[in-house]
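The values are calculated or read from the model by the stated rules, or taken from the named source; none is laboratory data. Please read these numbers as outputs of a predicted model, since none were measured by experiment. FYI the Cβ positions are ideal-geometry reconstructions off the backbone, even for glycines, and counts take in every protein chain you see.
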Amino acid sequence: MALSDSEFDTASRTMKIGTVTAEDDKQTTKEFELEDEIKTSSKSVASIIEKKETDSENDTTVIQDREKASWFQRIIEFLEVKQVSTDPAAHKVEKPIKTFKDLRKSLLTTYLYNTDLRPVEAKRRTWTWKQYIFFWISGSFNVNTWQISATGLQLGLNWWQTWICIWAGYTFVAFFLILGSKVGNNYHISFPISSRVSFGIYFSIWIVINRVVMACVWNSTLAYIGSQCVQLMLKAIFGTDLNTRIKDTIKSPNLTNFEFLCFMVFWVVCLPFLWFPPDKLRHIFAFKSAITPFAAFGFLIWTLCKSKGHLALGSLNEGGAISKTVLAWSVIRSIMSALDNFSTLILNAPDFTRFGKTYKSSIYSQLVALPVCFAVISLIGILSVSAAYTLYGVNYWSPLDILNRYLDNYTSGNRAGVFLISFIFAFDQLGANLSGNSIPAGTDMTALLPKFINIRRGSYICALISLAICPWDLLSSSSKFTTALAAYAVFLSAIAGVISADYFIVRKGYVNIFHCYTNKPDSYYMYNKYGTNWRAVVAYLIGIAPNFAGFLGSVGISVPIGAMRVYYLNYFVGYLVSALSYCILVYFYPISGVPGNAKLTDCKWLEEWVEVEEFESEREVFEEYGSVSTGYEKIRYV
């Protein structure tokens, strides 16, 4: 009877062992072990080659199927965004989508994980403390910052009271921003992914939609401010009567045909810049950072020269001195205007802190740079308004209104100065809109529907939606603008409060990044079959409730004065109430995913810096086996 390969090997080994000496026994054993390893390796290689051949055959089949594609399949292939894998060796040709069932499966797969939302690997984490300082220098020099800083003057505060409120407001902003930054800095994940941790894999869609809506509103607002710069440039060239020379057919007290024309001009000029990926726009941002400070300080010096150095240092309120009660609430509202202005950036801070190079890159730099930069540029705005008040006797809240008054004296010098400063301010608004609204909106839309939307498409969708916002009504006065800011903060503050309480108090800084990209029933952030953390949703609604009556009052409905005063504290109220509510709910209804089942009252801190160089392949292992046995994940995630 013929021996099998394994029997033949065993017999051969027995014969060999019988003939060797005791001294060569160990050496012979090593040779046999090496022989086994070579055979095993050969089988593995053969298996891999066979798998590649099978994949190649499948890919060929997929390509052949696409040649016979139906009209439905061709439409899907035309609209879909092609996903680029970070590991070319692991790239597979996606099976064609022939039915709505295939489409639904593909939508879910790309929603859970796509290359745009993967954790940021080391080679892309290049932001040091210097980049964050430059980021806020660039972000602070814009017209919107001056308008926010003038809120205190509009409420009856004098220049130094307004400036102290600015310092206080932006110091609070820096504190809340740091709290929102930690998860992105240490786990290198974006806001859409970090929101899954607190609210659940599926309910986070609603949270991201809130951010998208705010980005569209702000995109429209900054675009209209940019269009006001265009108005000044055209008036400096063609005359100040363009509003009457161009026939007005728009029946709105806040918009004329000329103003709408300028809005569309600025909007169209912005469109080509949306085509380029964010990393290609760095030269735009660098140029913006270089020229805008010159225009800002130049405008201040020009205004001081026109007023011969005279400043209105008292209250600019036409009604005279205000009572102590009114003064106190004016201080509170001035401080809150800074927080309301930043409510969107506080929420999506992980989107830019995930690029931090070290553990501390985004912490101390932002804590210092943000309040300093905004206080300095706000002081320029305050002094400009005070100087202009001595010239015209009007408490202007926008520097563009002051520039418009300079054209009353239509000299060549005034025309040239207004045109140059307005041009730089317009370019500044373009850059601010790209970095603060268009790109974040595109990123968030990518998280919502990555199958069909990438950052470029999302940015263009944001631009289209901005046309329907009617920002000229929001910017018709400082009071309406402040009211709009407060309305946004009511909803965003409650979201931020839940996320912070979940990260710092409940989870002690621990996040399992593999569970952020899966909908497996037993994963930490699915919570239930609906992918929703009901505790977070309830706390979010409770956080909105105290401010809601004041919100109704802000839109003209009669409410008690107490409700309005609670509303003036909207960000603090929404943030703290939602955070406290969430902690109480988690205390009575604990959640999973906290190492060692740590309790709320335990003095532990579990946050750590993670490396994600092989995240894509490790995620595949996690999806297949439910655990990862390499690197950091071996210690923390198994």
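Descriptive notes on the structure:
- Comparison of Ser476, Ser466, Ser523 shows that the only residue that is over 22 Å from the mean Cα position of the chain (by Cα), under 30 Å from Asn395 (Cα atoms) and among the polar types (S, T, N, Q) is Ser476.
- The residues listed here are Val577, Val586; of these, the one that is buried (at least 18 other Cβ atoms within 10 Å of the Cβ), at pLDDT 95 or above, under 25 Å from the mean Cα position of the chain (by Cα) and hydrophobic (A, V, I, L, M, F, W, C) is Val577.
- Residue in region 270-283 that is within 16 Å of Ser422 (Cα to Cα) and either of a type in the set (Phe, Trp, Tyr) or not assigned by TED's automatic domain parsing to the domain that holds Tyr389 (or both) present: no
- For Ile561, the test of being modelled with pLDDT of 95 or more, surrounded by fewer than 20 Cβ atoms within 10 Å (Cβ to Cβ) and not aromatic (Phe, Trp, Tyr) is failed.
- Region 607-636, residues that are assigned to a loop (DSSP other than H, G, I, E, B), modelled with pLDDT of 85 or more, surrounded by 15 or more Cβ atoms within 10 Å (Cβ to Cβ) and not acidic (Asp, Glu): Val610, Val612
- Residues of region 254-271 classified as over 31 Å from the mean Cα position of the chain (by Cα) and without any contact (Cβ under 8 Å) to a residue 12 or more places away in the chain, total: 1
- Condition broken by Pro521, with the remaining ones in (1) assigned to a loop (DSSP other than H, G, I, E, B); (2) in contact with a Phe, Trp or Tyr (Cβ under 8 Å, 6 or more places away or on another chain) satisfied: (2)
- Pairs where the first residue, in region 136-153, is assigned by TED's automatic domain parsing to the domain that holds Ser422 and the second is at pLDDT below 80 and not in a helix (DSSP H, G or I), C-beta under 8 Å, 6+ apart: Gln147/Trp397; Ala150/Trp397; Thr151/Trp397; Leu153/Leu316; Leu153/Trp397
- Among the candidates Asn341, Asn348, the residue that is in contact (Cβ under 8 Å) with a residue 24 or more places away in the chain, surrounded by 18 or more Cβ atoms within 10 Å (Cβ to Cβ) and under 19 Å from Ala150 (Cα atoms) is uniquely Asn341.
- Inside region 129-152, residues that are outside any helix (DSSP H, G or I) and in contact with a Gly (Cβ under 8 Å, 6 or more places away or on another chain) make up a count of 1.
- Given (1) touching a Lys or Arg at 6+ places or on another chain (Cβ under 7 Å); (2) outside any helix (DSSP H, G or I), index of the condition Cys516 fails: (2)
- Residue that is nearest to Arg125 (Cα to Cα), among those in region 277-294 that are within 19 Å of the chain's Cα centre (by Cα) and loosely packed, with under 14 Cβ neighbours inside 10 Å: Asp279
- Among residues of region 146-165, those that are modelled with pLDDT of 85 or more and crowded, with 23+ Cβ neighbours inside 10 Å, counted: 3
- Any hit, region 86-101, residues being closer than 30 Å to Asn512 by Cβ and at pLDDT 75 or above: no
- Listed by position, the helices (runs of 4 or more DSSP H) contained in region 173-269 that have at least 1 residues being surrounded by fewer than 23 Cβ atoms within 10 Å (Cβ to Cβ) are 204-238, 242-245.
- Residues located in region 396-418, provided they are outside any helix (DSSP H, G or I) and free of Cβ contacts under 8 Å to residues at least 24 places away in the same chain: Asn409, Thr411
- Hey, Ser378 polar (S, T, N, Q), part of a helix (DSSP H, G or I), closer than 21 Å to Asn142 by Cβ and at pLDDT 95 or above or not: no
- In summary, Gly417 fulfils each of the numbered conditions (1) farther than 20 Å from Lys288 by Cα; (2) out of contact with any strand residue (DSSP E or B) (no Cβ under 8 Å at 6 or more places or on another chain); (3) surrounded by fewer than 21 Cβ atoms within 10 Å (Cβ to Cβ) with the single exception of condition (1).
- Hits in region 509-557 (condition: polar (S, T, N, Q) and at pLDDT 95 or above): Thr532, Asn533
- Pick from region 96-123, criterion over 18 Å from Phe355 (Cα atoms) and of a type in the set (Val, Ile, Thr), ranking: surrounded by the fewest Cβ atoms within 10 Å (Cβ to Cβ): Thr99
- For the criterion of being in the same structural domain as Val197 (by TED's automatic domain parsing), of a type in the set (A, V, I, L, M) and at pLDDT below 90, Leu345 passes.
- Some residue of region 134-143 being modelled with pLDDT of 80 or more, farther than 30 Å from Asn433 by Cβ, out of contact with any His (no Cβ under 8 Å at 6 or more places or on another chain) and surrounded by fewer than 21 Cβ atoms within 10 Å (Cβ to Cβ): no
- When region 435-458 is filtered for residues that are surrounded by fewer than 24 Cβ atoms within 10 Å (Cβ to Cβ) and in a helix (DSSP H, G or I), the ones remaining, listed by number, are Ser435, Gly436, Ile439, Leu448, Ile455, Arg456, Arg457.
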